[in-house]
Ligand code: GLV
Ligand code: GLV
């Protein structure tokens, strides 16, 4: 009989994927709770494991790999983003890192588009207005907002898998769609989306939406200068990572009236939300739920498990992250 290999699962996965874990002979799963483990618990439970399944709430760094010991072969992140993982440390320890690209593009784009519609048509403000018990009667000036399908321009920063899925939705709403993308030539067109310079995108877009990973080069990509370069009255949507936006600068741009509003799913100090954002009615907030579709979360969890199974069986992982 093959010796049992052990896998630490830092958070509860979806119900159906958790149920399936019992069917893998020769593997023992040490499963955490719904809430993120405390740091000390994370380090203790990963000790001597062969693999770990983690989420973006776990910081995977030198200390983590040292605590795990030399048996750790693979860390599977249940997320497409992997800014919670120190890739250089993973490479030093010879640990394979995997993420979950591809399976969450539709859900994340749906959520992004829901936020674009909510901002433009002032859905959350209007809902609050009714719930507050305000007296109202139909009027031509009441809650007017952005005419999304009457020629509004959407600017997508990062036309990767998710950015492209957002573009398809926007095109179906008759929006003009432009994008910036580090890997595509300026002036080229991808599925009706024109690749433009960042300067042109910021100046022309009624809504700017972010779909780049958080990297040293994208930290505070949206800052005082880039906000000032945006079209007056425009909106910002962030379903990527909080650190891409300088939140203080965003709040100032909203207060000055330069931006009409923003929708934020990912926060600089996550899970803390800046009270200044909460205080502003022009800001729509969701708690990092852009990929939270039922089937999507199953696919993310299953892909993480399949990556672990592949590596522990000596096969190539399905979706590795380049570590060195
Ligand atoms: C979620 O934020 C992810 O990166 O999948
Ligand atoms: C609005 O409800 C309209 O009928 O125009």
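Among the numbered conditions (1) within 20 Å of residue 221 (Cα to Cα); (2) touching a strand residue (DSSP E or B) at 6+ places or on another chain (Cβ under 6 Å), the only one that residue 167 does not meet is (1). Scanning region 84-104 for residues being more than 21 Å from residue 9 (Cβ to Cβ) and either surrounded by 20 or more Cβ atoms within 10 Å (Cβ to Cβ) or within 13 Å of ligand 1 (Cβ to nearest atom) (or both) gives a total of 1. Only one of the listed residues (259, 285, 236, 250) is in contact with a strand residue (DSSP E or B) (Cβ under 8 Å, 6 or more places away or on another chain) and within 16 Å of ligand 1 (Cβ to nearest atom). That residue is 285. State whether the residues of region 52-61 include one that is over 20 Å from residue 12 (Cα atoms) and out of contact with any helix residue (DSSP H, G or I) (no Cβ under 7 Å at 6 or more places or on another chain). No, that holds for no residue. Determine whether residue 107 is part of a helix (DSSP H, G or I), in contact (Cβ under 8 Å) with a residue 24 or more places away in the chain, within 15 Å of ligand 1 (Cβ to nearest atom) and touching a helix residue (DSSP H, G or I) at 6+ places or on another chain (Cβ under 8 Å). Criteria met by residue 107. When you go through 304, 240 one by one, which is the residue that is closer than 27 Å to residue 98 by Cα, assigned by TED's automatic domain parsing to the domain that holds residue 34 and either within 21 Å of the chain's Cα centre (by Cα) or at pLDDT 95 or above (or both)? After ruling out the rest, the residue left standing is 304.
Note on region 57-78: residues that are crowded, with 20+ Cβ neighbours inside 10 Å, within 16 Å of ligand 1 (Cβ to nearest atom) and in contact (Cβ under 8 Å) with a residue 40 or more places away in the chain amount to 4.
The values are calculated or read from the model by the stated rules, or taken from the named source; none is laboratory data. If you're wondering where the values come from, they're calculated on a predicted model, not measured in any experiment. We place every Cβ from the backbone using ideal geometry, glycine too, and count neighbours over all the protein chains shown.
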